[in-house]
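Down below is the structure, laid out as structure tokens.
The values are calculated or read from the model by the stated rules, or taken from the named source; none is laboratory data. As the structure is a prediction and not an experimental result, all values here were calculated from the model. Here the Cβ positions follow ideal geometry from the backbone for every residue, glycine too, while neighbour counts run over all protein chains shown.
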Amino acid sequence: MSRNQEIKHQSELQIALNGFKRNKIAVGCLILLSVLYLSAIFADFISPYSYDNEDRNYSYCPPTLLSIKHDGKFVYPYISGRELTFNDYRQRIYKIDQTKRYPIKFMVKGDKYKLLGFIKCRYHLFGVDAPGRIYLFGADSRGRDIFSRTMYGGRVSLSIGLIGVLISFGLGLLVGGISGYYGGRIDNFIMRLCEMFMMIPGFYLLLALRAAVPDNFNSVQVYFAIILILSFIGWASLARIIRGMALTLREREYVLAAKGFGLSDFNIIVRHVLPHTLSYSIFAVMLSIPGYILGESALSLIGLGIQDPFASWGNLLSDAMSIIKIKFAPWILFPAIFIFLTVICFNVIGEALRDCLDPMMKQERKR
Amino acid sequence: MREPLIEIKDFAVGVMDNSIEKVIVKWVDLTVPGNCIYALVGGSGSGKTTLGLSMLKLFTPGLYVKKGEIIFGGRNLLELSERDMQKIRGKEIGAVFQDPLDTFNPVFTIGDQIEEVLRTHTDLEETKRQKEVIELLSLSGIEDAKRISSYYPHQLSGGMRQRAMIAQAIAAKPKLIIADEPTSNLDVTLQARILELFKDLRAKLNLTIIIITHDLGLARDIADYIAVMKEGKIVEAGEASAVLESPEHEYSKELIRASGI
């Protein structure tokens, strides 16, 4: 009996969550994504160097490998020193200098930063003593640590997706809700407007809008400009779908009842129409975040987004646009792995959420 | 006759059907006195629900007012703006709908939705509102009101939901309640209890209740006045005893025969 009651009190959300937990791949993705977001938040602590800490002696230095063996014996992990030489074709060759050994240290004093934006700090999770430099993912043309820059880049790339989606979904929900709820002429006008936005191919609209932004913006302004541009493009398709749902939802008896109790139209839309589109919206949000991340990357890749020395994943990849560079320094593609992982994770989580939130899908799976 | 609370004069509602105009409510006159229970009786499609919801100025899409006046509190409701109507709906005129499973939003708790009415029409603080919700639920005959108020609509039985619906309707202390088929989805014993509740509330809160029903037996049990509707017209109206005992119109006689009174 008591067991029955427990089941009865499971809310729709709990049932959905249980369904989600059963999808092990999605849970794995969620964990991976959390790690990525945490690494972005604590980027300045995790990365051994600041994003603009450069040493031109290490231009395109390959990733440093941790060694635990020295003279055939196991020792504390260390990295070896490197010496820059050139071969016959004037190509950089980094020779490993076994005489110089820099043991890995934790809580190393390094570049100053503000943890979480307000705690002054200069300790980094790991690092090596100068003059040694640790390059987990190798170095870029100016000898900056690609690992550190990837961590910093995650701040931009990961947050743009979230903020962008928040804005465009807020807009899409509201516009779609209004359009569907009122119907008639208002609906017609709003929907034609949406179609105008959707008609223009996304990437070209992105470029055109970016061109409209003044080019003397600083990086923070550019960051927000990109968010606005991306959300400006994204809202229309959602508004259309929400509008379709609102059209059927407004016929529900409880909408009439809410009207009968003297609620204002805005309250009815927000409280009695939009909540019912939530199960769709949640996974639609998840599935659309990759679009924002890729959009920012695309803009930064062609040099219209975040500018050097600030890092974003797309910006980091702009270095990897020539085949020669990729051939001789393939490690500059490391940020691409992060973009790839993030996009995959959001997609898998989105799909998993759709499976557990959408009752129609559930029945299909049972069959 | 007592002072009229709401007066409907020469009221007609039409709808365009394939560019042919159909009149659903046909030039109706109705006067409802204060503090009474008025039953609007008629078969399906007789326009009784349309007439009832017109008093809240709620029309299903496509319907429009052709003619007439609805006078309530000295004002013609049909001339009021939507914004003014929002102040009247719930606050002055409450509504109880047919199926409370559909009329409660499934994503919010019962208490939350009753509180919503209070939030819209009163300046009470949150803690006072919550207290008021519990009082309203108890007033509507729900025991253990505190627990029930935290339930979602699907967790309640039909009778409970109807009581909660009534609690919601009386939340902002309206003078008039329009109940559209309030008991048609309930079994006979529950029906009787809900009717008792209506009588009870009328006495306690000095309410006027307009019950829209197809059931003349129900009207006999509860109503002071009865209006019989057929095909959009009110064919007979008056004190309940007069209509039931000496019906003049053929349709009223038919209804009385059919309900076996």
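At-a-glance table
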| quantity | calculated |
| --- | --- |
| Single match in A:Met196, A:Met191 (criterion: crowded, with 16+ Cβ neighbours inside 10 Å and either without any contact (Cβ under 8 Å) to a residue 12 or more places away in the chain or farther than 30 Å from B:Ile178 by Cβ (or both)) | A:Met191 |
| Test: residue in region A:257-265 that is out of contact with any strand residue (DSSP E or B) (no Cβ under 6 Å at 6 or more places or on another chain), surrounded by fewer than 23 Cβ atoms within 10 Å (Cβ to Cβ) and modelled with pLDDT under 85 | no |
| Exclusive hit being of a type in the set (Gly, Ala, Ser), out of contact with any Gly (no Cβ under 8 Å at 6 or more places or on another chain), under 30 Å from A:Leu207 (Cβ atoms) and in contact (Cβ under 8 Å) with a residue 60 or more places away in the chain, set A:Ser312, A:Ser297, A:Ser281 | A:Ser281 |
| Which listed residue, of B:Val41, B:Val65, is touching a residue at least 12 places away in the same chain (Cβ under 8 Å) and under 23 Å from B:Glu254 (Cα atoms) | B:Val41 |
| Whichever residue in region A:286-303 is over 13 Å from A:Ile160 (Cα atoms) and surrounded by 20 or more Cβ atoms within 10 Å (Cβ to Cβ) and, among such residues, is nearest to the chain's Cα centre (by Cα) | A:Met286 |
| Top-ranked residue of region B:131-164 - restricted to ones that are within 14 Å of chain A (Cβ to nearest Cβ) and in contact (Cβ under 8 Å) with a residue 60 or more places away in the chain, ranked as surrounded by the fewest Cβ atoms within 10 Å (Cβ to Cβ) | B:Arg161 |
| Selection status of A:Ile167, within 30 Å of A:Tyr49 (Cα to Cα) and assigned by TED's automatic domain parsing to the domain that holds A:Ser297 | no |
| Which numbered condition A:Asp88 misses (of (1) over 37 Å from the mean Cα position of the chain (by Cα); (2) without any contact (Cβ under 8 Å) to a residue 24 or more places away in the chain; (3) part of a strand (DSSP E or B)) | (3) |
| Check on A:Ile349, buried (at least 19 other Cβ atoms within 10 Å of the Cβ), in a helix (DSSP H, G or I) and touching a residue at least 24 places away in the same chain (Cβ under 8 Å) | yes |
| Segments classed as helices (runs of 4 or more DSSP H), wholly inside region B:36-130, with at least 1 members that are among the hydroxyl-bearing types (Ser, Thr, Tyr), within 10 Å of chain A (Cβ to nearest Cβ) and under 28 Å from B:Ile222 (Cα atoms) | B:100-103 |
| Leading residue by the ranking (surrounded by the most Cβ atoms within 10 Å (Cβ to Cβ)) among those in region A:199-246 that are in contact (Cβ under 8 Å) with a residue 60 or more places away in the chain and of a type in the set (D, E, K, R) | A:Arg243 |
| Helices (runs of 4 or more DSSP H) enclosed by region A:197-261 - at least 2 residues per element that are touching an Asp or Glu at 6+ places or on another chain (Cβ under 7 Å), within 30 Å of B:Met55 (Cβ to Cβ) and within 14 Å of another protein chain (Cβ to nearest Cβ) | A:253-260 |
| Of the criteria (1) surrounded by 14 or more Cβ atoms within 10 Å (Cβ to Cβ); (2) modelled with pLDDT under 90, which one A:Ser179 fails | (2) |
| Test: residue in region A:281-298 that is at pLDDT below 85, in the same structural domain as A:Leu205 (by TED's automatic domain parsing) and out of contact with any Phe, Trp or Tyr (no Cβ under 9 Å at 6 or more places or on another chain) | yes |
| Residues within region B:168-192 that are under 18 Å from B:Gln113 (Cβ atoms) and away from chain A (no Cβ under 12 Å), tallied | 2 |
| Residue ID - nearest to B:Gly68 (Cα to Cα), chosen from residues in region B:14-25 that are free of Cβ contacts under 8 Å to residues at least 60 places away in the same chain and in a strand (DSSP E or B) | B:Gly14 |
| Members of region B:198-215 that are crowded, with 19+ Cβ neighbours inside 10 Å and either hydrophobic (A, V, I, L, M, F, W, C) or more than 15 Å from the chain's Cα centre (by Cα) (or both) | B:Phe198, B:Leu201, B:Leu207, B:Ile209, B:Ile210, B:Ile211, B:Ile212 |
| Index of the failed condition, A:Leu125 passing every other in (1) of a type in the set (A, V, I, L, M); (2) assigned by TED's automatic domain parsing to the domain that holds A:Tyr94; (3) over 26 Å from the mean Cα position of the chain (by Cα) | (3) |
| Positions within region A:4-31 being crowded, with 16+ Cβ neighbours inside 10 Å, modelled with pLDDT of 85 or more and either of a type in the set (A, V, I, L, M) or within 30 Å of A:Gly143 (Cβ to Cβ) (or both), in sequence order | A:Ala26, A:Leu30 |
| Filter pass, A:Thr99 being among the β-branched types (Val, Ile, Thr), surrounded by fewer than 11 Cβ atoms within 10 Å (Cβ to Cβ) and either farther than 24 Å from A:Ala329 by Cα or in contact with a Leu (Cβ under 8 Å, 6 or more places away or on another chain) (or both) | yes |
| Filter result for B:Leu218 (surrounded by fewer than 21 Cβ atoms within 10 Å (Cβ to Cβ) and closer than 30 Å to B:Gly111 by Cβ) | no |
| A:Thr64 closer than 28 Å to A:Tyr152 by Cβ and of a type in the set (S, T, N, Q) | yes |
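Per-residue answers, yes or no, for (1) assigned to a helix (DSSP H, G or I); (2) within 14 Å of chain B (Cβ to nearest Cβ):
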| site | (1), (2) |
| --- | --- |
| A:Phe266 | yes, yes |
| A:Pro275 | yes, yes |
| A:Gly303 | no, no |
| A:Ile326 | yes, no |
